[in-house]
Amino acid sequence: MFARESIPMAVLATAIRVTDDETAKLVTKIEENALTLKAQASELMEDASVTARWLQPDDALFAVDDKERHGLLLSWLFDQLIGELADRLGSLPDDFPLRVFLDIGGYIGEADAKTTWEGIWARHELRQAETTYTPVPVDLMTVDQWLDDTSGALHLYAVLLISVSLQTMLDGAPNAGEAEAGVALLVASHGLAAEHRLMSVAHMHRPLNSARTHLDSALTHALQWAKADAPSLESVWMTGFDGESVGPLHSSLSHVGVREAGEDPLTEFNLDGTVGRTGRSADWLAVACGANRADRLSAPQLVARSAGEHFHMAVVQNSRNKQKDE
């Protein structure tokens, strides 16, 4: 059981947009605290402001309402994400199967999102890939299901997951603390990636769903499945946490020995505070940022989400990370 549970998902490429910046520059801004969620002038009320983040590409600046803005913004996001991944997608072997999953939240544009995607995909002259909507919103724990389903998505083809979260801006004030985002993750089972000899950016290990009272056990298992020693954990990428829920996470990290007394504390990136709450894209934004940092630093990262009374967490690391059984 342990051998099966510890087989990771291969992350082959990532791209994110929460500003106009491309992924590398954007992640660096987050890591250096150069990106903050701050009050911005409201388009609806004179001398009013709202603490939120929304995307403002030139393509959508002159929209008259959110229906038009969302249509223009979705086209821009799709083009940006495909463009950043185009070289990686184009380098995939011809016999490597690929499917696209669209997970779109908050969109009220008139154009069908799938039709928009397929038009932009064709414009980039990439290989044919079947595109479908995800039947239900996908989150971190979806990976647990994908890894178990040996006759399903990850094990039959690579999955290009496109997660988009949009909000109102022109027809109503954006919700305080929330942000728009677009995330792309190209993933496959470890076995499929190995079969086609594909290099991965990182490995995402099986996520854990835990009640607050069993957090120590869940974190221990997450590290075991990654074959990572607790002290080797370099950073934690958090979403959904507040002053009350972050306490149990800190306690659990201490209990399992992530940092000894007197050592520097674990680096934390609270994405809700820097980027904003990105809705159904939040988990994938954390995974993409964690994978990017794991690849650059060759150090395991923890992705953690607080969801009510439960926590979701997973370890992300690359193939160069030192593991305790080596």
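The values are calculated or read from the model by the stated rules, or taken from the named source; none is laboratory data. What you are looking at is a predicted structure, and each value in this text was computed from that prediction instead of being measured. Every residue, glycine among them, receives a Cβ derived from its backbone with ideal geometry; neighbour counts consider all protein chains shown.
General observations
- Selected residue (criterion: surrounded by the most Cβ atoms within 10 Å (Cβ to Cβ)) from residues of the stretch 131-169 that are of a type in the set (Val, Ile, Thr) and assigned to a strand (DSSP E or B): Val164
- Subset of the stretch 211-247 (residues that are touching a helix residue (DSSP H, G or I) at 6+ places or on another chain (Cβ under 6 Å) and farther than 15 Å from Ala314 by Cα): Arg212
- Of residues in the stretch 261-288 being of a type in the set (A, V, I, L, M) and modelled with pLDDT under 90, the one farthest from Leu223 (Cα to Cα): Ala261
- Residue match in the stretch 51-60 (condition: of a type in the set (Ser, Thr, Tyr) and in contact with a Lys or Arg (Cβ under 8 Å, 6 or more places away or on another chain)): yes
- Residue identified as among the β-branched types (Val, Ile, Thr), modelled with pLDDT of 95 or more and either touching a Leu at 6+ places or on another chain (Cβ under 8 Å) or farther than 21 Å from Lys29 by Cα (or both) among Val258, Val236, Val246: Val236
- Test: residue in the stretch 183-191 that is among the β-branched types (Val, Ile, Thr) and either outside the structural domain of Gln301 (by TED's automatic domain parsing) or surrounded by 15 or more Cβ atoms within 10 Å (Cβ to Cβ) (or both): yes
- The listed residue being over 22 Å from the mean Cα position of the chain (by Cα), of a type outside the set (Asp, Glu) and at positive phi, out of Arg212, Arg197: Arg197
- Any hit, the stretch 33-49, residues being at pLDDT 95 or above and within 16 Å of Glu180 (Cα to Cα): no
- In the stretch 84-95, the condition of being in the same structural domain as Leu35 (by TED's automatic domain parsing), closer than 26 Å to Met238 by Cα, within 22 Å of the chain's Cα centre (by Cα) and not β-branched (Val, Ile, Thr) is met by at least one residue.
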